[in-house]
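Chemist: My structure is below; once you've seen it, I'll send some questions.
All of the numbers you see were taken from the coordinates with simple rules; none came from a lab. Just so it is clear, the model here is predicted, and its values are computed rather than measured.
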Amino acid sequence: MGYLSASQAAKKWNISQRRVQVLCSENRIEGAFKVGEVWAIPDDAPKPLDFRMKSNKEEKEEE
């Protein structure tokens, strides 16, 4: 299993690097951990849902 940095995950998921860092700090990306000041994210980790969007909030409520 390989790991991605926050900037690599941001490019893969088409979101900002800062948003990836926030998701990591909120433990929303399973398997992510910090090495010094850099986040290590499993390369097979799925992109978490963005609950700031109404459509995803509704999906969460259904679960």
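Chemist: Across the stretch 12-19, in residue order, what do the Karplus-derived ³J(HN,Hα) couplings come to in whole Hz, using 6.51 cos²θ - 1.76 cosθ + 1.60 with θ = phi - 60° and x for Gly and Pro?
Modeler: Each residue's phi maps through the Karplus curve to give 4, 9, 6, 10, 6, 4, 4, 5 Hz.
Chemist: Okay, moving on. Near the amide H of LEU4, under 5 Å away, which other amide H atoms are found, from residues 5 or more places off or on another chain, if H is placed in the peptide plane?
Modeler: Placed amide hydrogens put ILE41, ASP43 under 5 Å from LEU4.
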